[in-house]
Amino acid sequence: MTDELREREQTVEEVSEEPRGEEQSEPRVLPVLPLRNTVVFPMTVVPLAAGQPRSLRLIDDVASGDRLVGLVLQKDPKQEGAGPGETYEVGTIASIHQMMRVPDGTVRLAVQGLRRMRIVEWVAEEPYLRALVEEIPETVEDTVEVKALMRNALELFQRLVSLVSNLPEELVTAALNIDDPLHLVYLIASNLRMEPEERQELLELDSVRDKLLKLNAFMSRELDLLELGKKIQSEVQEEVARTQREYYLREQLKAIQRELGETSEQEAEINELRAKIEESGMPEEARREALRELDRLSKLPPAAAEYGVIRTYLDWLTSLPWNRSTEGEIDIARARQILDEDHYDLEKIKERILEYLAVRRLRKERGEDAAEPSREPILCFVGPPGVGKTSLAQSIARALGREFTRMSLGGVRDEAEIRGHRRTYIGAMPGRIIQAIRRAGTNDPVFVLDEIDKVGADWRGDPSSALLEVLDPEQNHSFRDHYLDVPFDLSKVMFIATANVLDTIPPALRDRMEVLSLSGYTDEEKVGIALQYLIPKQLAAHGLTPAELSVEPEAIRQIVRGWTREAGVRALEREIAAIARKVARRIAEGQGGPVRITPDVLVEYLGRPRFFDEAAERTSRPGVATGLAWTPTGGEVLFVEVTTMPSSEERLVLTGMLGDVMRESAQAALSYVWSNAEALDIDPRFFEGRTVHVHVPAGAIPKDGPSAGVTIMTALASLATRRPVRSDVAMTGEITLRGKVLPVGGIKEKVLAAHRAGIRTVILPRRNERDLEDVPAELRREMQFILVDDAEEVLRHALTPVPAEVGPAAR
């Protein structure tokens, strides 16, 4: 038993003999000693230390007298020499039992708390604090509740002592032998880690019941914290023990393996890599290179820098699908069904895919694949955005039963993105072609090279040149990535490139691909796509059923004409999604009921239309003609406006962000009209002393190309003859100085744009007649196509008739 415990037991016996002091004695003057961070309870013995001169003087005087002193807690523990008003009023009358001076000049005390007291009045501050104090009796209730609280306090204290290592078990024995609740409270509180303020609150409580309640609440909190800390410590110790156990077991295993002559971890890794190389089915050249690198790896220590480089290289070699294919039996009928399920129309594309499948099936059935390796076609889908180029490639993969992978080439500028980096570089990796092949897990996936027309080139290299080997069926059977540096057979991969325009694709790369054009859709095709694909997709995406939302075909047709006017169907899908969101909100708000979208309610769901048939309004005055233009996003309707104004010299002003070719077309059109004024029934002096201003609206959009020559010529002739251009006519074609109309490109896209704008008559160069075969049959039936060879024919069909009362003389 420790000296401190003996002292505490002695204190218990002494204090038990002290009178309880239920009756308050008369106030008396006592010296007062302020304490820092310490509260002395009655019936307890506490060691103290004093070093201030004022405190030492007080202790000397008290020790030579009756040994009684008042102990109070000062409010600010950092303050030196606390005075009146800087301490708590309630404290403890204590007796100094022992005093010992130490060499550093301080005094060690053992004081015993006797009774509570309150400071009534401060009497003196020098040479030390003295105050008039009165004893405060404490209320001890003899009730069942107090006994229950005592029992609970003892139980909590026992648990605390078991969890706190610095509390001896003898304290529990001492507490169990105490019958007085007040004595029990002070004994337990003096041995707990309580804040000074909490000790002061406990001391100031008059009722022993309240003291027990506060003490029990504090011990409950402490127990929760201690038990949680013990649980965390136990978990940490278990984890550490497990780690140590695993370490010992591994060391023992190594020792056993050494005794049995078995291989080490490095040797096991080498053997595992050797087995993977043999199982991978790689060609002989790649196998030799892999075994050579594996031999180097076996001679290197694992800590060597090159060890990880070779290990990563061998991982890439063994993980590539050298001989894993996924294509099974080719079912032409099922392939046709899949293509029809996923895409509307696109008959030419589907026919080309089915032809390819038929050839593969015949070659496989007749065993010709083994004799001569097949060369997969390199298809290039070219068309405006939103017509289904990438999704069509996914359908092809599904129809073939192959894996699908893609690589976006938009903005790729570094050649190493395609061919990889050499292993001499830190962090080198294979190119994105090999990476995509490994992700696909087969050597015959459908590989989409998205946005091949947007490949860039700079000082780091030209990726389009690196693609020449990839997309050449005569070369890609031995494609060499810079990182692998061994040939990989890409001839079984079906590459499909997508692009918006062909002009930016280098000729050498374009020559290696079979170009398939996907033009924009007609209104009827968009209606069919919306009914079969877009509406069901958006209903599922918004949690709706066909019974809750239906859209009439005529409403879809109105959305196409008034809200979208695009070549593809992306904007149409967004408008359908907007309708579905509003319907979903109505149903969620309890305004349910089947909703049927008709043309009459479109404004309610989509707002005002964004497009109008403005050809009639624009061409109602002379000098305005409607042309047709091709853009990467599809065909567009183009208006050309011409006016003249007096000037000191004849000149031509062109505005509207026109390119050099279009400017030259405008100059050629003006030269033709002016030089053939009499033949065209125009006053020859009309252009003399005038500035001719040709403007193409939408001035912020760059425009170029020769196909607007006929339109500019018609607008000039309309202004000069005062005959407006027919509002239902649009035109395209290149004009020469002799008045010949030359063919232009993009006929299908331009005709679709005219149809979207409500124009039903189109003037085309005669040599473009064969291009009308690409125009959908329903458009050929709905529209009238006028084929012309020279400018006079254009004017004869484009300009409105001359009024009877207006002749050349009148003009």
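The values are calculated or read from the model by the stated rules, or taken from the named source; none is laboratory data. Worth saying up front: this structure is predicted, and the values here are computed from it rather than measured. Please note: Cβ atoms are built from the backbone with ideal geometry, for glycine as well, and neighbour counts cover all protein chains shown. Accessible surface is based on the protein model in full, side chains and every heavy atom, while ligands, DNA and RNA are left aside. Shrake-Rupley method; radii C 1.70, N 1.55, O 1.52, S 1.80 Å.
Taking the condition touching a residue at least 12 places away in the same chain (Cβ under 8 Å) and more than 13 Å from Leu154 (Cβ to Cβ), does Leu187 pass? Step through it out loud before you land on a result.
Details: touching a residue at least 12 places away in the same chain (Cβ under 8 Å): yes; more than 13 Å from Leu154 (Cβ to Cβ): no.
Spelling it out, it is not the case that Leu187 is touching a residue at least 12 places away in the same chain (Cβ under 8 Å) and more than 13 Å from Leu154 (Cβ to Cβ).
Checking Ser620 against (1) at pLDDT below 85; (2) among the small types (Gly, Ala, Ser); (3) surrounded by 17 or more Cβ atoms within 10 Å (Cβ to Cβ): exactly one of these is not met. Which one?
Here Ser620 clears every test but (3).
Out of all the residues in region 727-744, which are assigned to a loop (DSSP other than H, G, I, E, B) and either closer than 23 Å to Arg767 by Cβ or touching a Cys at 6+ places or on another chain (Cβ under 6 Å) (or both)?
Of all residues in region 727-744, those assigned to a loop (DSSP other than H, G, I, E, B) come to 727-728, 732-733, 736-739, 743-744.
Thr732, Gly733, Thr736, Leu737, Arg738, Gly739, Pro743, Val744 - these are the residues of region 727-744 that are assigned to a loop (DSSP other than H, G, I, E, B) and either closer than 23 Å to Arg767 by Cβ or touching a Cys at 6+ places or on another chain (Cβ under 6 Å) (or both).
I'm told Asp179 meets every condition in (1) touching a residue at least 24 places away in the same chain (Cβ under 8 Å); (2) acidic (Asp, Glu); (3) not assigned by the TED database to the domain that holds Leu56 except one. Can you identify the failing condition by its number?
Result: Asp179 fails condition (1) only.
In region 753-771, which residues are farther than 19 Å from Val741 by Cα and in contact with a helix residue (DSSP H, G or I) (Cβ under 8 Å, 6 or more places away or on another chain)?
We begin by selecting, within region 753-771, every residue farther than 19 Å from Val741 by Cα; these are 753-760.
Result: His755, Arg756, Ala757, Gly758, Ile759, Arg760.
Do we find that Glu575 is of a type outside the set (A, V, I, L, M), open to solvent by less than 60 Å² (accessible area, probe 1.4 Å) and not in a loop (DSSP other than H, G, I, E, B) in this structure? Show your work before the answer.
Working: of a type outside the set (A, V, I, L, M): yes; open to solvent by less than 60 Å² (accessible area, probe 1.4 Å): yes; not in a loop (DSSP other than H, G, I, E, B): yes.
When the stated conditions are applied, Glu575 passes them.
Looking only at region 236-252, decide whether some residue is within 30 Å of Leu73 (Cβ to Cβ) and not charged (D, E, K, R). Explain how you work it out, then say what you get.
Here is the first cut: in region 236-252, the ones within 30 Å of Leu73 (Cβ to Cβ) are none.
No, region 236-252 has no match at all.
Tally up the residues in region 773-788 that are surrounded by fewer than 15 Cβ atoms within 10 Å (Cβ to Cβ), touching a residue at least 12 places away in the same chain (Cβ under 8 Å) and not in a strand (DSSP E or B), please. I'd like the intermediate steps shown before the answer.
From region 773-788, those surrounded by fewer than 15 Cβ atoms within 10 Å (Cβ to Cβ) are 773-774, 777-778, 780-782, 784; that's our starting set.
Retained after the next criterion (residues that are touching a residue at least 12 places away in the same chain (Cβ under 8 Å)): 774, 778, 782, 784.
Keeping just the survivors that are not in a strand (DSSP E or B) gives 774, 778, 782.
Looking only at that region, the number is 3.
So which residues in region 275-297 are hydrophobic (A, V, I, L, M, F, W, C) and either within 17 Å of Ile310 (Cα to Cα) or open to solvent by less than 10 Å² (accessible area, probe 1.4 Å) (or both)?
Initial filter on region 275-297 (hydrophobic (A, V, I, L, M, F, W, C)): 275, 277, 282, 286, 290-291, 294, 297.
Matches in region 275-297: Ala275, Ile277, Ala286, Ala290, Leu291, Leu294, Leu297.
I'd like the full set of residues that are open to solvent by less than 80 Å² (accessible area, probe 1.4 Å) and either in contact with a Ser or Thr (Cβ under 9 Å, 6 or more places away or on another chain) or not in a loop (DSSP other than H, G, I, E, B) (or both), limited to region 82-98.
Taking region 82-98 first, the residues open to solvent by less than 80 Å² (accessible area, probe 1.4 Å) are 82-88, 90-96.
Thr87, Val90, Gly91, Thr92, Ile93, Ala94, Ser95, Ile96 - these are the residues of region 82-98 that are open to solvent by less than 80 Å² (accessible area, probe 1.4 Å) and either in contact with a Ser or Thr (Cβ under 9 Å, 6 or more places away or on another chain) or not in a loop (DSSP other than H, G, I, E, B) (or both).
Name the one entry in Glu155, Glu141 that is assigned to a helix (DSSP H, G or I) and open to solvent by 30 Å² or more (accessible area, probe 1.4 Å).
On the way: Glu141 fails: assigned to a helix (DSSP H, G or I).
Going through Glu155, Glu141 in turn, just one is assigned to a helix (DSSP H, G or I) and open to solvent by 30 Å² or more (accessible area, probe 1.4 Å): Glu155.
Could you tell me whether Arg723 is of a type in the set (Lys, Arg), assigned to a loop (DSSP other than H, G, I, E, B) and surrounded by fewer than 16 Cβ atoms within 10 Å (Cβ to Cβ)? So that I can check it myself, show each step before the final result.
On the way: of a type in the set (Lys, Arg): yes; assigned to a loop (DSSP other than H, G, I, E, B): yes; surrounded by fewer than 16 Cβ atoms within 10 Å (Cβ to Cβ): no.
Criteria not met by Arg723.
Just a yes or no: is a residue in region 673-683 open to solvent by less than 60 Å² (accessible area, probe 1.4 Å) and among the hydroxyl-bearing types (Ser, Thr, Tyr)? Working first, answer last.
From region 673-683, those open to solvent by less than 60 Å² (accessible area, probe 1.4 Å) are 673, 676-677, 680, 682; that's our starting set.
Then keep just the ones that are among the hydroxyl-bearing types (Ser, Thr, Tyr); that gives none.
Looking for residues that are open to solvent by less than 60 Å² (accessible area, probe 1.4 Å) and among the hydroxyl-bearing types (Ser, Thr, Tyr), one finds none in region 673-683, hence no.
In region 409-438, what residues are more than 20 Å from Tyr307 (Cβ to Cβ) and assigned to a loop (DSSP other than H, G, I, E, B)?
In the first step, residues of region 409-438 are kept if they are more than 20 Å from Tyr307 (Cβ to Cβ); the result is 409-420, 431-438.
Selection gives Leu409, Gly410, Gly411, Val412, Arg413, Asp414, Glu415, Gly420, Gly431.
Somewhere in region 442-449, is a residue touching a helix residue (DSSP H, G or I) at 6+ places or on another chain (Cβ under 6 Å), modelled with pLDDT of 80 or more and of a type outside the set (S, T, N, Q)? Before you say what the answer is, go through the steps one by one.
At the first step, the residues of region 442-449 found to be touching a helix residue (DSSP H, G or I) at 6+ places or on another chain (Cβ under 6 Å) are 446, 448.
If we keep only those that are modelled with pLDDT of 80 or more as well, we get 446, 448.
When the remaining residues are screened for being of a type outside the set (S, T, N, Q), the result is 446, 448.
Among the residues of region 442-449, at least one is touching a helix residue (DSSP H, G or I) at 6+ places or on another chain (Cβ under 6 Å), modelled with pLDDT of 80 or more and of a type outside the set (S, T, N, Q), which makes the answer yes.
Would you tally the residues in region 640-657 being open to solvent by less than 30 Å² (accessible area, probe 1.4 Å) and either at pLDDT below 90 or outside the structural domain of Gly745 (by the TED database) (or both)?
Residues meeting the conditions: 1.
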